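Heads up, the thing below is written out as structure tokens.
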Amino acid sequence: MHHEDRRGRDYLWRKHLNYADLESREMIKIITGESTGGLKPSFLGNALERRRAVKERIWPLLPGRWALRFFYMYVLKLGFLDGAAGLDMCLFMTRYELEITRKLKLLKKNR
């Protein structure tokens, strides 16, 4: 199957900026201790509970999340095997992570 989306990168980036805004709002709820839903974070639970525990308790506290995201996607998930497209995608997601961090700082400042 071959899919060509003609809307372009600008459309995709605007969409991800909206996602970054939503993600930063969720992270500020986690940091302030507000309720985040029915799934309880647990490092000893099932895969979803462990993922939620990392996302809520570890990820917001890490410095340089963008660099960790790049390393994870490009090296650990073998993005380098995809050539220029893999690098482009990893850089795109790195920028997305930077936008989340920027928006999170703005939300913290405005609180």
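The values are calculated or read from the model by the stated rules, or taken from the named source; none is laboratory data. What you see is a predicted model; the values in this text were computed from it and never measured. Virtual Cβ from ideal backbone geometry, glycine too; neighbours counted across all protein chains shown.
Pairing residues of segment 49-65 that are within 15 Å of R102 (Cα to Cα) with residues that are β-branched (V, I, T), at Cβ distances under 7 Å and at least 6 apart in sequence or on separate chains, gives P60/I30; P60/I31; R65/T101. I'd like to check something: does segment 29-49 contain any residue that is under 14 Å from the mean Cα position of the chain (by Cα) and in a helix (DSSP H, G or I)? No: segment 29-49 contains no residue that is under 14 Å from the mean Cα position of the chain (by Cα) and in a helix (DSSP H, G or I).
Of all positions in segment 95-110, at least one carries a residue that is more than 21 Å from K29 (Cβ to Cβ) and in a helix (DSSP H, G or I). Y74 passes every criterion in (1) surrounded by fewer than 17 Cβ atoms within 10 Å (Cβ to Cβ); (2) under 20 Å from W13 (Cα atoms); (3) at pLDDT 95 or above apart from (1).
None of L48, L61, L44, L22 is loosely packed, with under 15 Cβ neighbours inside 10 Å, touching a Leu at 6+ places or on another chain (Cβ under 7 Å) and of a type in the set (A, V, I, L, M) except L48.
The rows are residues; the columns are (1) of a type in the set (G, A, S); (2) within 24 Å of K103 (Cα to Cα); (3) touching a helix residue (DSSP H, G or I) at 6+ places or on another chain (Cβ under 8 Å).
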{"residue": "D21", "(1), (2), (3)": "no, yes, yes"}
{"residue": "I31", "(1), (2), (3)": "no, yes, yes"}
{"residue": "F43", "(1), (2), (3)": "no, no, yes"}
{"residue": "L81", "(1), (2), (3)": "no, no, no"}
{"residue": "A84", "(1), (2), (3)": "yes, no, no"}
